[in-house]
Amino acid sequence: MFRLAYSDIRLLRIFHQVVIGRSFAAASTALGVSEAVVSRAMSDLEARTGMMLCQRGRGGFVLEADGEFVMKATQRLLSEMDLFSESIGTYRQGMAGELRLAITESTLSDRNNRISEYITRYKLRAPNVRIELSVLPPSGVQSHVLNGLAHIGFLPTHRRVVDLTYQELHEEKMSLYCSPGHPLFETDCSREDIFSAEVAAPDYLLNGQLGLHADTLRIVNSTNSIEGIAMLVMTGSYLGFLPDHFASKWLEQGQLRELLPEVFSYHIRFCAISRSDRKDSKLVHSFLRELG
């Protein structure tokens, strides 16, 4: 069984630099040591792990499959070590202040939503930071971040804004639904039936952002939130796209029906957003590290 020793960390740092530079010479220059030291470190690491990590010679540098695995493990290790150092530094320096977060509404039912976990971990590292959390429609989340009212926002991303930095977290599935009272609720409907029906859509989306067939849908009503879409669908007068996790409880109760999911369902990416000119803020950068 391999047990990591303190001396192994030095070897792994050298290996990491070799892979980044794609050569012993580049690693030698970056680390300020001789190529002989780099070569010996690589041999020692291969002996320690019992793996052939790379090929080196006239043919150039080639990372072996075992080397790929060790590289990924090394990156995780070094990242965790950096986080540990940052945590100690933060604790000693007493990082304090206010971190303002904004999250789109109707996400609590999403099992992929780990915002609470991120906040918990962050508070353990920075107990003196006060968290302010706003729950808003997606358009409100974006405007809050752009206007500086929130440092970091969480929302499904339909289109990207140049002034914002995006960090993808997970995917969210959207499907087309109707409720009892709608003509399509109890019938075997076709695409043409759906194309002729009235659809309620968020006012922050363009038609082309509602799946592959968006341009042929009859969007006749709009609202600024997922809650609003659900309310309009529940009238029995409209079809509407809802996140599957949000609609599931009504689907189970027979209050919603999913229409042709193999045709009209689509996925969107749920992201963390921050202003590009604030990514070096200590509070913001430290929280964004938790999302990685």
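Nothing in this text is a laboratory measurement; each read-out follows from the coordinates by a stated rule. Bear in mind the structure is a predicted one, so any value in this text is a computation, not a measurement. Every residue, glycine as well, gets a Cβ built from its backbone with ideal geometry; the counts of neighbours run over all protein chains shown.
Using C-alpha pairs under 8 Å with a sequence gap of at least 6, the mean separation divided by the residue count of region 172-267 gives a relative contact order of 48 percent. Contact order for the chain, expressed relative to its length and based on alpha carbon pairs under 8 Å spaced 6+ residues apart, stands at 19 percent. When the Cα atoms of the chain are aligned to their principal axes, the ranges along those axes come out at 77, 47, 37 Å in descending order.
Averaging 1/r across all pairs of distinct Cα atoms in region 172-267 and inverting the result yields a Kirkwood radius of 12.9 Å. Each Lys and Arg Cβ is given +1 and each Asp and Glu Cβ -1; about its Cα centre, region 247-292 then shows a dipole of about 300 debye. Per the Debye formula on identical point scatterers at the alpha carbon atoms of region 212-292, with no solvent, log10 I(q)/I(0) at q = 0.16, 0.19, 0.27 Å⁻¹ is -0.76, -0.89, -1.49.
The base-10 log of I(q)/I(0) for region 6-93, evaluated at q = 0.11, 0.15, 0.20, 0.22 Å⁻¹, reads -0.33, -0.57, -0.91, -1.06 [Debye formula, identical scatterers on Cα atoms, solvent excluded].
When only Cα pairs below 8 angstrom with a gap of at least 6 residues are kept, region 6-93 shows a relative contact order of 24 percent.
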